[in-house]
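The values are calculated or read from the model by the stated rules, or taken from the named source; none is laboratory data. The structure presented is a predicted model; accordingly, all values stated were derived computationally and were not measured. Cβ: placed from backbone, ideal geometry, glycine included. Neighbour counts: every protein chain shown.
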(Lines give C-alpha, C1' and ligand atoms only; values in the text may rest on other atoms or scores of the structure.)
Protein backbone atom coordinates (compact mmCIF):
# COMPACT_ATOMS: atom_id res chain seq x y z
CA UNK A 1 0.00 0.00 0.00
CA UNK A 2 1.33 3.45 -0.83
CA UNK A 3 2.05 5.84 1.96
CA UNK A 4 -0.59 8.61 2.11
CA UNK A 5 0.80 12.04 1.17
CA UNK A 6 0.12 13.42 4.64
CA UNK A 7 2.53 10.87 6.06
CA UNK A 8 5.38 13.10 4.93
CA UNK A 9 3.94 16.27 6.49
CA UNK A 10 6.24 15.84 9.45
CA UNK A 11 9.56 16.72 7.74
CA UNK A 12 11.56 19.93 7.67
CA UNK A 13 10.70 22.51 4.99
CA UNK A 14 12.71 25.12 3.10
CA UNK A 15 10.69 28.33 3.57
CA UNK A 16 11.17 31.76 1.98
CA UNK A 17 9.73 34.75 3.85
CA UNK A 18 8.46 38.06 2.48
CA UNK A 19 7.20 40.44 5.14
CA UNK A 20 6.68 44.15 5.66
CA UNK A 21 9.97 44.84 7.46
CA UNK A 22 13.18 43.25 8.72
CA UNK A 23 11.86 42.92 12.23
CA UNK A 24 8.83 40.96 11.10
CA UNK A 25 11.02 38.76 8.88
CA UNK A 26 13.32 38.06 11.85
CA UNK A 27 10.36 37.15 14.07
CA UNK A 28 8.92 34.79 11.49
CA UNK A 29 12.35 33.26 10.75
CA UNK A 30 12.90 32.55 14.43
CA UNK A 31 9.48 30.95 14.65
CA UNK A 32 10.11 28.75 11.60
CA UNK A 33 13.49 27.60 12.92
CA UNK A 34 11.90 26.69 16.25
CA UNK A 35 9.68 24.30 14.30
CA UNK A 36 12.71 22.78 12.55
CA UNK A 37 12.35 24.54 9.19
CA UNK A 38 15.11 26.07 7.11
CA UNK A 39 14.72 29.73 6.05
CA UNK A 40 15.93 30.33 2.49
CA UNK A 41 15.85 33.12 -0.09
CA UNK A 42 12.98 33.12 -2.60
CA UNK A 43 15.57 32.51 -5.34
CA UNK A 44 16.72 29.29 -3.73
CA UNK A 45 13.76 27.17 -4.83
CA UNK A 46 11.88 27.04 -1.52
CA UNK A 47 9.27 24.38 -0.78
CA UNK A 48 6.84 27.03 0.33
CA UNK A 49 6.62 30.79 0.85
CA UNK A 50 5.38 32.66 3.90
CA UNK A 51 4.09 36.18 3.20
CA UNK A 52 2.45 39.08 5.00
CA UNK A 53 -0.93 40.34 3.69
CA UNK A 54 -0.41 39.50 0.01
CA UNK A 55 1.09 36.78 -2.10
CA UNK A 56 4.44 38.01 -3.47
CA UNK A 57 4.59 38.57 -7.21
CA UNK A 58 7.18 35.84 -7.82
CA UNK A 59 4.40 33.62 -6.54
CA UNK A 60 5.15 30.40 -8.35
CA UNK A 61 5.67 28.56 -5.08
CA UNK A 62 2.81 27.48 -2.82
CA UNK A 63 2.27 30.38 -0.46
CA UNK A 64 0.88 30.86 3.00
CA UNK A 65 -0.37 34.42 3.55
CA UNK A 66 -0.80 35.91 7.02
CA UNK A 67 -3.51 38.53 7.32
CA UNK A 68 -5.30 40.32 4.50
CA UNK A 69 -7.89 38.87 2.15
CA UNK A 70 -5.75 37.31 -0.55
CA UNK A 71 -8.16 34.50 -1.34
CA UNK A 72 -6.01 33.38 -4.29
CA UNK A 73 -3.26 32.16 -1.96
CA UNK A 74 -3.01 28.46 -1.14
CA UNK A 75 -2.90 29.23 2.56
CA UNK A 76 -4.60 32.11 4.37
CA UNK A 77 -4.38 32.62 8.14
CA UNK A 78 -5.13 35.63 10.33
CA UNK A 79 -2.23 37.99 10.98
CA UNK A 80 -2.09 36.91 14.63
CA UNK A 81 -2.05 33.15 13.87
CA UNK A 82 -0.27 31.06 16.49
CA UNK A 83 3.11 29.45 15.73
CA UNK A 84 1.63 25.95 15.69
CA UNK A 85 -1.06 27.10 13.22
CA UNK A 86 1.57 28.60 10.91
CA UNK A 87 3.66 25.43 11.12
CA UNK A 88 0.68 23.16 10.38
CA UNK A 89 -0.51 25.38 7.52
CA UNK A 90 2.97 25.57 5.92
CA UNK A 91 3.30 21.80 5.95
CA UNK A 92 -0.15 21.38 4.40
CA UNK A 93 0.41 24.07 1.74
CA UNK A 94 3.83 22.63 0.84
CA UNK A 95 2.06 19.36 0.13
CA UNK A 96 -0.48 20.82 -2.23
CA UNK A 97 -3.35 21.36 0.17
CA UNK A 98 -5.40 24.52 0.51
CA UNK A 99 -5.60 25.95 4.03
CA UNK A 100 -8.11 28.41 5.45
CA UNK A 101 -8.63 29.33 9.06
CA UNK A 102 -12.18 29.10 10.31
CA UNK A 103 -11.61 32.60 11.67
CA UNK A 104 -10.62 33.95 8.25
CA UNK A 105 -13.60 32.32 6.60
CA UNK A 106 -15.88 34.35 8.80
CA UNK A 107 -14.48 37.67 7.59
CA UNK A 108 -15.77 39.79 4.75
CA UNK A 109 -18.11 42.72 5.11
CA UNK A 110 -21.31 41.17 6.35
CA UNK A 111 -24.81 41.97 7.45
CA UNK A 112 -26.04 41.97 10.98
CA UNK A 113 -27.48 38.58 11.89
CA UNK A 114 -31.15 38.63 12.80
CA UNK A 115 -31.56 35.51 14.92
CA UNK A 116 -34.55 33.23 14.57
CA UNK A 117 -36.62 33.32 17.73
CA UNK A 118 -37.25 29.58 17.89
CA UNK A 119 -33.52 28.73 17.88
CA UNK A 120 -32.51 31.20 20.60
CA UNK A 121 -31.53 29.86 24.01
CA UNK A 122 -33.08 31.20 27.19
CA UNK A 123 -30.67 32.54 29.84
CA UNK A 124 -31.20 29.31 31.82
CA UNK A 125 -30.39 27.18 28.80
CA UNK A 126 -27.25 29.26 28.23
CA UNK A 127 -26.23 28.54 31.83
CA UNK A 128 -26.77 24.82 31.29
CA UNK A 129 -24.67 24.99 28.15
CA UNK A 130 -21.85 26.77 30.00
CA UNK A 131 -21.93 23.94 32.53
CA UNK A 132 -21.81 21.36 29.72
CA UNK A 133 -18.81 23.24 28.28
CA UNK A 134 -17.14 22.94 31.69
CA UNK A 135 -17.47 19.16 31.32
CA UNK A 136 -20.14 18.73 34.00
CA UNK A 137 -22.50 15.75 34.01
CA UNK A 138 -26.26 16.32 34.27
CA UNK A 139 -26.10 15.41 37.94
CA UNK A 140 -23.30 17.91 38.58
CA UNK A 141 -25.21 20.59 36.64
CA UNK A 142 -28.28 19.99 38.82
CA UNK A 143 -26.14 20.45 41.91
CA UNK A 144 -24.44 23.60 40.57
CA UNK A 145 -27.69 25.30 39.62
CA UNK A 146 -29.75 23.94 42.50
CA UNK A 147 -32.41 22.37 40.28
CA UNK A 148 -33.66 18.82 39.82
CA UNK A 149 -32.00 16.29 37.54
CA UNK A 150 -35.29 16.01 35.69
CA UNK A 151 -35.29 19.77 34.95
CA UNK A 152 -31.67 19.63 33.76
CA UNK A 153 -32.50 16.81 31.34
CA UNK A 154 -35.45 18.81 30.05
CA UNK A 155 -33.24 21.86 29.42
CA UNK A 156 -30.42 19.84 27.84
CA UNK A 157 -32.89 18.32 25.41
CA UNK A 158 -34.19 21.77 24.49
CA UNK A 159 -30.62 23.09 24.02
CA UNK A 160 -29.79 20.19 21.67
CA UNK A 161 -32.96 20.76 19.66
CA UNK A 162 -32.41 24.52 19.31
CA UNK A 163 -28.78 24.11 18.29
CA UNK A 164 -29.38 21.11 16.06
CA UNK A 165 -26.74 19.18 17.98
CA UNK A 166 -26.69 15.50 18.83
CA UNK A 167 -23.73 15.36 21.22
CA UNK A 168 -22.56 17.56 24.09
CA UNK A 169 -19.33 18.41 22.23
CA UNK A 170 -21.26 19.41 19.14
CA UNK A 171 -23.62 21.57 21.18
CA UNK A 172 -20.73 23.44 22.79
CA UNK A 173 -19.02 23.99 19.42
CA UNK A 174 -22.19 25.19 17.70
CA UNK A 175 -23.08 27.51 20.57
CA UNK A 176 -19.61 29.06 20.50
CA UNK A 177 -19.86 29.67 16.77
CA UNK A 178 -23.26 31.25 17.21
CA UNK A 179 -22.16 33.42 20.09
CA UNK A 180 -19.34 34.85 17.97
CA UNK A 181 -21.71 35.55 15.08
CA UNK A 182 -24.53 37.00 17.16
CA UNK A 183 -22.82 39.13 19.76
CA UNK A 184 -22.96 42.78 18.80
CA UNK A 185 -21.44 45.88 20.37
CA UNK A 186 -23.86 48.76 20.51
CA UNK B 1 -26.16 36.43 -49.12
CA UNK B 2 -25.92 39.31 -46.70
CA UNK B 3 -23.10 39.04 -44.19
CA UNK B 4 -24.23 38.26 -40.64
CA UNK B 5 -23.82 41.29 -38.40
CA UNK B 6 -21.06 40.74 -35.84
CA UNK B 7 -23.19 41.31 -32.76
CA UNK B 8 -20.59 39.87 -30.37
CA UNK B 9 -17.96 42.15 -31.83
CA UNK B 10 -20.30 45.10 -31.43
CA UNK B 11 -20.95 44.17 -27.79
CA UNK B 12 -17.24 43.80 -27.17
CA UNK B 13 -16.50 47.18 -28.78
CA UNK B 14 -19.17 48.81 -26.64
CA UNK B 15 -17.66 47.32 -23.49
CA UNK B 16 -14.23 48.59 -24.47
CA UNK B 17 -15.66 52.07 -25.03
CA UNK B 18 -17.58 52.06 -21.77
CA UNK B 19 -14.55 50.92 -19.85
CA UNK B 20 -12.34 53.55 -21.45
CA UNK B 21 -14.87 56.23 -20.48
CA UNK B 22 -14.91 55.01 -16.89
CA UNK B 23 -11.15 54.88 -16.51
CA UNK B 24 -10.69 58.35 -15.10
CA UNK B 25 -11.99 57.18 -11.70
CA UNK B 26 -9.97 53.94 -11.48
CA UNK B 27 -7.16 54.32 -8.96
CA UNK B 28 -5.16 52.15 -6.57
CA UNK B 29 -3.30 52.37 -3.31
CA UNK B 30 0.14 50.87 -3.04
CA UNK B 31 0.38 48.77 0.09
CA UNK B 32 3.96 47.58 -0.50
CA UNK B 33 6.41 47.09 -3.36
CA UNK B 34 4.29 44.22 -4.62
CA UNK B 35 0.80 44.67 -3.29
CA UNK B 36 -1.94 47.17 -3.95
CA UNK B 37 -5.62 47.71 -3.29
CA UNK B 38 -8.29 49.03 -5.64
CA UNK B 39 -9.61 52.55 -5.11
CA UNK B 40 -11.93 55.08 -6.68
CA UNK B 41 -10.79 58.58 -7.57
CA UNK B 42 -13.93 60.00 -5.99
CA UNK B 43 -13.09 63.70 -6.18
CA UNK B 44 -10.10 65.61 -7.51
CA UNK B 45 -8.58 65.55 -4.02
CA UNK B 46 -9.79 62.27 -2.52
CA UNK B 47 -9.85 58.50 -3.07
CA UNK B 48 -12.36 56.06 -1.65
CA UNK B 49 -11.46 52.46 -0.88
CA UNK B 50 -12.52 49.36 1.04
CA UNK B 51 -11.91 49.99 4.73
CA UNK B 52 -11.64 46.31 5.68
CA UNK B 53 -8.65 45.72 3.41
CA UNK B 54 -6.79 48.95 4.11
CA UNK B 55 -3.89 48.31 6.51
CA UNK B 56 -3.23 50.57 9.49
CA UNK B 57 -1.18 53.65 8.79
CA UNK B 58 -1.80 57.28 7.99
CA UNK B 59 0.25 57.87 4.86
CA UNK B 60 -0.28 56.00 1.61
CA UNK B 61 0.86 56.16 -1.97
CA UNK B 62 -1.96 56.52 -4.48
CA UNK B 63 -1.75 55.48 -8.11
CA UNK B 64 -3.94 57.80 -10.19
CA UNK B 65 -5.77 56.85 -13.41
CA UNK B 66 -2.93 58.32 -15.51
CA UNK B 67 -0.38 56.13 -13.71
CA UNK B 68 1.17 58.93 -11.69
CA UNK B 69 1.95 58.28 -8.06
CA UNK B 70 0.80 60.78 -5.48
CA UNK B 71 1.20 60.66 -1.70
CA UNK B 72 -2.00 60.76 0.30
CA UNK B 73 -3.16 60.76 3.89
CA UNK B 74 -5.91 58.77 5.50
CA UNK B 75 -8.79 61.20 6.10
CA UNK B 76 -10.92 58.66 7.93
CA UNK B 77 -12.23 55.11 7.93
CA UNK B 78 -15.69 53.89 8.80
CA UNK B 79 -15.80 50.14 9.61
CA UNK B 80 -19.61 50.34 9.87
CA UNK B 81 -20.05 51.04 6.15
CA UNK B 82 -16.61 49.80 5.00
CA UNK B 83 -15.74 53.16 3.47
CA UNK B 84 -12.29 54.74 3.87
CA UNK B 85 -11.22 58.08 2.39
CA UNK B 86 -7.68 59.10 1.45
CA UNK B 87 -6.94 62.77 0.88
CA UNK B 88 -4.46 63.39 -1.93
CA UNK B 89 -1.54 65.72 -1.29
CA UNK B 90 -1.67 66.87 -4.91
CA UNK B 91 -4.96 67.46 -6.68
CA UNK B 92 -5.75 65.11 -9.57
CA UNK B 93 -7.97 65.65 -12.59
CA UNK B 94 -11.56 65.38 -11.37
CA UNK B 95 -13.30 62.15 -12.41
CA UNK B 96 -16.68 62.04 -14.13
CA UNK B 97 -18.68 59.88 -11.72
CA UNK B 98 -22.42 59.81 -12.23
CA UNK B 99 -24.16 57.75 -9.57
CA UNK B 100 -26.59 55.12 -10.75
CA UNK B 101 -28.65 52.39 -9.10
CA UNK B 102 -28.30 48.67 -9.76
CA UNK B 103 -30.88 46.54 -11.57
CA UNK B 104 -30.97 42.79 -11.11
CA UNK B 105 -29.83 41.00 -14.23
CA UNK B 106 -28.05 43.96 -15.78
CA UNK B 107 -24.46 43.69 -16.92
CA UNK B 108 -21.87 45.28 -14.71
CA UNK B 109 -18.26 46.28 -15.28
CA UNK B 110 -15.94 46.31 -12.26
CA UNK B 111 -12.60 48.00 -12.52
CA UNK B 112 -9.31 47.45 -10.76
CA UNK B 113 -5.76 48.55 -11.31
CA UNK B 114 -2.52 46.67 -11.74
CA UNK B 115 -0.92 49.07 -9.30
CA UNK B 116 1.12 50.70 -12.04
CA UNK B 117 -1.67 52.77 -13.57
CA UNK B 118 -2.94 50.19 -16.02
CA UNK B 119 -6.57 49.24 -15.37
CA UNK B 120 -8.05 45.75 -15.12
CA UNK B 121 -11.63 45.00 -16.08
CA UNK B 122 -14.21 42.47 -14.89
CA UNK B 123 -17.55 41.77 -16.51
CA UNK B 124 -20.45 40.22 -14.69
CA UNK B 125 -24.09 40.56 -13.81
CA UNK B 126 -25.93 42.20 -10.96
CA UNK B 127 -26.87 39.00 -9.15
CA UNK B 128 -29.19 40.44 -6.51
CA UNK B 129 -30.44 43.79 -5.30
CA UNK B 130 -32.04 44.11 -1.90
CA UNK B 131 -33.32 46.92 0.26
CA UNK B 132 -31.28 48.93 2.73
CA UNK B 133 -29.38 46.76 5.23
CA UNK B 134 -27.26 47.03 8.35
CA UNK B 135 -23.72 45.72 8.66
CA UNK B 136 -22.39 43.67 11.55
CA UNK B 137 -20.69 46.87 12.71
CA UNK B 138 -23.99 48.73 12.78
CA UNK B 139 -23.70 50.83 9.63
CA UNK B 140 -26.63 51.47 7.32
CA UNK B 141 -26.03 50.60 3.66
CA UNK B 142 -28.53 52.05 1.19
CA UNK B 143 -29.00 48.84 -0.85
CA UNK B 144 -27.71 45.30 -0.90
CA UNK B 145 -26.04 44.82 -4.28
CA UNK B 146 -24.45 41.46 -5.01
CA UNK B 147 -22.46 40.83 -8.16
CA UNK B 148 -21.87 37.68 -10.15
CA UNK B 149 -18.25 38.13 -11.16
CA UNK B 150 -14.73 37.27 -10.04
CA UNK B 151 -12.60 39.85 -8.29
CA UNK B 152 -8.95 39.60 -7.29
CA UNK B 153 -7.98 40.77 -3.82
CA UNK B 154 -6.06 43.64 -5.43
CA UNK B 155 -9.17 44.83 -7.26
CA UNK B 156 -11.35 45.23 -4.19
CA UNK B 157 -12.30 48.83 -3.46
CA UNK B 158 -12.55 49.81 -7.13
CA UNK B 159 -15.63 51.18 -8.89
CA UNK B 160 -18.47 49.19 -10.47
CA UNK B 161 -20.39 50.59 -13.44
CA UNK B 162 -23.55 49.76 -15.32
CA UNK B 163 -23.59 49.53 -19.12
CA UNK B 164 -24.54 53.20 -19.47
CA UNK B 165 -21.39 54.15 -17.56
CA UNK B 166 -23.36 54.94 -14.38
CA UNK B 167 -21.40 54.49 -11.17
CA UNK B 168 -23.03 51.81 -8.99
CA UNK B 169 -20.59 52.01 -6.09
CA UNK B 170 -17.47 50.41 -4.63
CA UNK B 171 -16.73 46.68 -4.83
CA UNK B 172 -15.98 44.81 -1.64
CA UNK B 173 -15.74 41.24 -0.39
CA UNK B 174 -18.73 40.05 1.59
CA UNK B 175 -19.07 36.83 3.55
CA UNK B 176 -18.18 33.50 1.90
CA UNK B 177 -16.46 35.18 -1.03
CA UNK B 178 -19.51 37.15 -2.14
CA UNK B 179 -18.77 40.27 -4.16
CA UNK B 180 -20.81 43.16 -2.83
CA UNK B 181 -21.14 46.77 -3.92
CA UNK B 182 -21.26 49.55 -1.35
CA UNK B 183 -23.77 51.73 -3.23
CA UNK B 184 -22.74 55.11 -4.57
CA UNK B 185 -25.44 56.64 -2.32
CA UNK B 186 -23.71 55.21 0.78
CA UNK B 187 -20.29 56.42 -0.37
CA UNK B 188 -21.72 59.88 -1.08
CA UNK B 189 -23.23 60.02 2.42
CA UNK B 190 -20.21 58.71 4.35
CA UNK B 191 -17.16 59.96 2.42
CA UNK B 192 -17.86 63.71 2.87
CA UNK B 193 -18.15 63.21 6.66
CA UNK B 194 -14.86 61.31 6.71
CA UNK B 195 -13.16 63.92 4.57
CA UNK B 196 -14.23 66.87 6.72
CA UNK B 197 -14.45 65.39 10.22
CA UNK B 198 -12.37 62.22 9.97
CA UNK B 199 -15.22 60.13 11.31
CA UNK B 200 -18.94 59.37 11.08
CA UNK B 201 -20.66 60.10 14.38
CA UNK B 202 -22.82 57.24 15.71
CA UNK B 203 -24.74 56.71 18.88
CA UNK B 204 -23.30 54.39 21.52
CA UNK B 205 -24.69 52.48 24.48
CA UNK B 206 -21.46 50.74 25.49
CA UNK B 207 -22.84 47.18 25.74
CA UNK B 208 -22.12 43.83 24.14
CA UNK B 209 -25.45 42.13 23.48
CA UNK B 210 -26.66 38.82 22.20
CA UNK B 211 -30.17 37.74 21.36
CA UNK B 212 -31.84 35.36 23.81
CA UNK B 213 -35.25 33.77 24.18
CA UNK B 214 -37.37 35.28 26.94
CA UNK B 215 -38.09 32.53 29.52
CA UNK B 216 -41.63 31.14 29.13
CA UNK B 217 -42.80 32.38 32.54
CA UNK B 218 -41.88 36.00 31.67
CA UNK B 219 -43.23 36.17 28.13
CA UNK B 220 -46.60 37.54 29.10
CA UNK B 221 -45.24 40.30 31.36
CA UNK B 222 -42.52 41.15 28.85
CA UNK B 223 -44.80 41.10 25.83
CA UNK B 224 -41.82 39.78 23.84
CA UNK B 225 -40.50 36.32 22.98
CA UNK B 226 -36.92 37.46 22.44
CA UNK B 227 -34.63 40.16 23.81
CA UNK B 228 -31.02 41.27 23.84
CA UNK B 229 -29.05 40.09 26.84
CA UNK B 230 -26.23 42.25 28.18
CA UNK B 231 -23.02 40.19 28.02
CA UNK B 232 -20.59 42.90 29.08
CA UNK B 233 -20.42 46.65 29.57
CA UNK B 234 -17.81 49.20 28.58
CA UNK B 235 -16.61 50.72 31.86
CA UNK B 236 -17.88 54.29 32.16
CA UNK B 237 -20.03 53.88 29.04
CA UNK B 238 -23.64 55.13 28.84
CA UNK B 239 -25.19 51.77 29.80
CA UNK B 240 -22.81 51.26 32.72
CA UNK B 241 -23.58 54.78 33.96
CA UNK B 242 -27.29 54.05 33.74
CA UNK B 243 -26.76 51.03 35.99
CA UNK B 244 -27.20 48.19 33.49
CA UNK B 245 -25.62 44.93 34.58
CA UNK B 246 -24.67 41.73 32.71
CA UNK B 247 -27.71 39.46 32.48
CA UNK B 248 -30.19 42.29 31.92
CA UNK B 249 -32.36 41.56 28.88
CA UNK B 250 -33.33 44.57 26.77
CA UNK B 251 -36.89 44.22 25.45
CA UNK B 252 -37.42 47.55 23.76
CA UNK B 253 -35.83 50.91 23.03
CA UNK B 254 -38.17 53.93 23.21
CA UNK B 255 -41.10 51.61 22.65
CA UNK B 256 -39.56 49.86 19.61
CA UNK B 257 -39.21 46.11 20.07
CA UNK B 258 -35.60 44.90 20.32
CA UNK B 259 -36.58 41.73 18.46
CA UNK B 260 -34.91 43.07 15.33
CA UNK B 261 -31.40 44.43 15.79
CA UNK B 262 -31.88 46.82 12.90
CA UNK B 263 -34.75 48.48 14.80
CA UNK B 264 -32.42 49.08 17.72
CA UNK B 265 -29.73 50.41 15.39
CA UNK B 266 -32.21 52.90 13.97
CA UNK B 267 -32.16 54.56 17.41
CA UNK B 268 -28.39 54.92 17.34
CA UNK B 269 -27.82 57.10 14.27
CA UNK B 270 -25.57 60.16 14.29
CA UNK B 271 -28.43 62.40 15.47
CA UNK B 272 -29.00 60.26 18.59
CA UNK B 273 -25.86 61.50 20.38
CA UNK B 274 -26.80 63.34 23.57
CA UNK B 275 -30.39 62.08 23.51
CA UNK B 276 -31.94 60.01 26.24
CA UNK B 277 -33.69 56.74 25.41
CA UNK B 278 -35.93 54.61 27.57
CA UNK B 279 -35.05 50.92 27.74
CA UNK B 280 -37.42 48.23 28.99
CA UNK B 281 -35.45 45.46 30.67
CA UNK B 282 -35.96 42.12 32.31
CA UNK B 283 -33.93 42.16 35.49
CA UNK B 284 -34.22 39.53 38.19
CA UNK B 285 -37.55 38.26 36.88
CA UNK B 286 -39.23 41.67 36.69
CA UNK B 287 -39.66 44.21 33.89
CA UNK B 288 -38.05 47.54 34.72
CA UNK B 289 -37.57 50.80 32.77
CA UNK B 290 -34.12 52.45 32.59
CA UNK B 291 -33.15 55.75 31.00
CA UNK B 292 -29.84 55.83 29.12
CA UNK B 293 -28.18 58.91 27.66
CA UNK B 294 -26.57 58.01 24.33
CA UNK B 295 -23.05 59.27 23.75
CA UNK B 296 -20.90 59.22 20.64
CA UNK B 297 -19.30 55.88 19.81
CA UNK B 298 -15.58 56.15 20.53
CA UNK B 299 -13.18 55.27 17.72
CA UNK B 300 -12.50 51.53 17.48
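I'd like to know if the stretch B:151-160 contains one or more residues that are surrounded by fewer than 23 Cβ atoms within 10 Å (Cβ to Cβ) and more than 10 Å from chain A (Cβ to nearest Cβ).
No; the residues of the stretch B:151-160 include none that is surrounded by fewer than 23 Cβ atoms within 10 Å (Cβ to Cβ) and more than 10 Å from chain A (Cβ to nearest Cβ).
Quick one: is residue B:236 within 9 Å of chain A (Cβ to nearest Cβ) and in a loop (DSSP other than H, G, I, E, B)? Don't jump to the end; show me each part of the working.
Numbers: within 9 Å of chain A (Cβ to nearest Cβ): no; in a loop (DSSP other than H, G, I, E, B): yes.
Against the criterion (within 9 Å of chain A (Cβ to nearest Cβ) and in a loop (DSSP other than H, G, I, E, B)), residue B:236 does not qualify.
So which residues in the stretch B:218-229 are more than 10 Å from chain A (Cβ to nearest Cβ) and either in contact (Cβ under 8 Å) with a residue 40 or more places away in the chain or outside any helix (DSSP H, G or I) (or both)?
Selection gives B:221, B:222, B:223.
Residue by residue, here is whether (1) surrounded by fewer than 16 Cβ atoms within 10 Å (Cβ to Cβ); (2) facing chain B (nearest Cβ under 9 Å) holds:
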site: A:29; (1), (2): no, no
site: A:54; (1), (2): no, yes
site: A:74; (1), (2): no, no
site: A:81; (1), (2): no, no
site: A:91; (1), (2): no, no
site: A:99; (1), (2): no, no
site: A:110; (1), (2): no, yes
site: A:135; (1), (2): yes, no
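If you scan the stretch B:97-126, which residues turn out to be under 21 Å from the mean Cα position of the chain (by Cα), farther than 30 Å from residue A:56 by Cβ and modelled with pLDDT of 95 or more?
Within the stretch B:97-126, B:104, B:108, B:125, B:126 meet the criteria.
Look through B:247, B:243 and report the one residue that is surrounded by fewer than 22 Cβ atoms within 10 Å (Cβ to Cβ) and closer than 17 Å to residue B:204 by Cα. Show your work before the answer.
Working: B:247 fails: closer than 17 Å to residue B:204 by Cα.
Result of the check over B:247, B:243: B:243.
For the condition within 14 Å of chain B (Cβ to nearest Cβ) and either modelled with pLDDT of 85 or more or closer than 25 Å to residue B:51 by Cβ (or both), what is the one hit in A:44, A:114? So that I can check it myself, show each step before the final result.
Numbers: A:44 fails: within 14 Å of chain B (Cβ to nearest Cβ).
Only one candidate qualifies: A:114.
If you scan the stretch B:171-195, which residues turn out to be more than 9 Å from chain A (Cβ to nearest Cβ) and either in contact with a helix residue (DSSP H, G or I) (Cβ under 6 Å, 6 or more places away or on another chain) or assigned to a helix (DSSP H, G or I) (or both)?
Taking the stretch B:171-195 as the starting set, the residues that turn out to be more than 9 Å from chain A (Cβ to nearest Cβ) are B:171, B:179, B:181, B:183-195.
If the condition is that a residue be more than 9 Å from chain A (Cβ to nearest Cβ) and either in contact with a helix residue (DSSP H, G or I) (Cβ under 6 Å, 6 or more places away or on another chain) or assigned to a helix (DSSP H, G or I) (or both), then B:184, B:185, B:186, B:187, B:188, B:189, B:190, B:191, B:192, B:193, B:194, B:195 are the ones that fit.
Residues being within 21 Å of the chain's Cα centre (by Cα), more than 15 Å from residue A:68 (Cα to Cα) and either within 14 Å of chain A (Cβ to nearest Cβ) or surrounded by fewer than 22 Cβ atoms within 10 Å (Cβ to Cβ) (or both): count how many of those fall in the stretch B:47-59.
Result for the stretch B:47-59: 1.
Results for (1) out of contact with any strand residue (DSSP E or B) (no Cβ under 6 Å at 6 or more places or on another chain); (2) in a strand (DSSP E or B); (3) away from every other protein chain (no Cβ under 13 Å), shown as yes or no for each residue.
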{"position": "B:244", "(1), (2), (3)": "no, no, no"}
{"position": "B:252", "(1), (2), (3)": "no, yes, yes"}
{"position": "B:264", "(1), (2), (3)": "no, no, no"}
{"position": "B:271", "(1), (2), (3)": "yes, no, yes"}
{"position": "B:277", "(1), (2), (3)": "no, yes, no"}
{"position": "B:281", "(1), (2), (3)": "no, yes, no"}
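Picking from B:208, B:213, which residue would you name as being within 11 Å of another protein chain (Cβ to nearest Cβ), surrounded by fewer than 23 Cβ atoms within 10 Å (Cβ to Cβ), free of Cβ contacts under 8 Å to residues at least 40 places away in the same chain and closer than 28 Å to residue B:242 by Cβ? So that I can check it myself, show each step before the final result.
Numbers: B:213 fails: surrounded by fewer than 23 Cβ atoms within 10 Å (Cβ to Cβ).
Going through B:208, B:213 in turn, just one is within 11 Å of another protein chain (Cβ to nearest Cβ), surrounded by fewer than 23 Cβ atoms within 10 Å (Cβ to Cβ), free of Cβ contacts under 8 Å to residues at least 40 places away in the same chain and closer than 28 Å to residue B:242 by Cβ: B:208.
Name the single residue, out of those in the stretch A:34-52 being surrounded by 13 or more Cβ atoms within 10 Å (Cβ to Cβ) and free of Cβ contacts under 8 Å to residues at least 40 places away in the same chain, that is nearest to residue A:93 (Cα to Cα).
The first filter runs over the stretch A:34-52 and keeps only residues surrounded by 13 or more Cβ atoms within 10 Å (Cβ to Cβ), leaving A:35, A:37-40, A:42, A:46-52.
With the extra rule that they be free of Cβ contacts under 8 Å to residues at least 40 places away in the same chain, the set shrinks to A:38-40, A:42, A:46, A:49, A:51-52.
Values: A:38: 16, A:39: 16, A:40: 17, A:42: 16, A:46: 12, A:49: 9, A:51: 13, A:52: 15 Å.
Taking the candidates together, the pick is A:49.
Which numbered condition trips up residue B:137, out of (1) within 12 Å of chain A (Cβ to nearest Cβ); (2) at pLDDT 90 or above; (3) within 30 Å of residue B:267 (Cβ to Cβ)?
For residue B:137, the exception is condition (2).
Only helices (runs of 4 or more DSSP H) wholly contained in the stretch A:137-186 count here; list those with 2 or more residues that are closer than 26 Å to residue B:265 by Cβ and within 12 Å of another protein chain (Cβ to nearest Cβ). Reasoning before the result, please.
Values: elements: A:138-145, A:149-163, A:168-182.
Passing ranges, in order: A:168-182.
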